[in-house]
Amino acid sequence: MRGSVTRAQATTDWLVVDSLAPATAGALEPMYDAAAAGRLQMPFCASCRIALELEQLVCDRCGSGGPQWQEVEPRGTVHAVTTVHRHEPSLIRAREPYSILDVELESGHRIIMTTTAPAGGYAVGDAVAVTFRTVGDVAIPAVSATPPVWAHDLPVQPGDDSAESTTKEHR
């Protein structure tokens, strides 16, 4: 499985109480089923293959209906960061401000997520890995609180043209 994350890697939620677990039936059921198995699946147009929004039923490009869910690489780039300072004692477990991230996945999908653990310091343009946090008994996508290490993050060795081209492609 490309980009899969084992269920054992999913963490108990640090942010919200279990009663805020999302309902898993309905339009997002394929995403939640995949997340329960440690995989990230997103919807694509069954006809023209472009990335669709999570609950989008009709393609903006070709007008086709019926999304097709496919596994995608669990990594992307931060497009916006919001730091939340509000604390709701009966709903929010976190006592410190926490980040909400708007991430564009390599597949072209945009998804709003929090992190797998209390973390801060995210900036627009940061490369992030997507894993899962567990709310109640539901696994949901979340940005890994541990920064990813991919080939483009490694130092380029002098004379290594392949590493240099990989680094340039991902900046």
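Every number here is computed from the coordinates shown, using simple stated rules; none is lab data. For clarity, every value in this text was computed on a predicted model and none was experimentally measured. Quick reminder, even Gly has a Cβ in these numbers, built from the backbone with ideal geometry, and neighbours come from all protein chains shown.
Any idea how far the Cα center of region 25-46 sits from the one of region 117-146, in Å?
17
Dipole of region 44-84 (Lys/Arg Cβ +1, Asp/Glu Cβ -1, origin at the Cα centre): which of 81, 56, 44 lies farthest to the positive side?
44
State, as an integer percentage, the relative contact order of region 16-91 based on alpha-carbon contacts under 8 Å between residues 6 or more apart.
Values: 77 pairs, mean separation 20.8, N = 76.
Relative contact order here is 27 percent.
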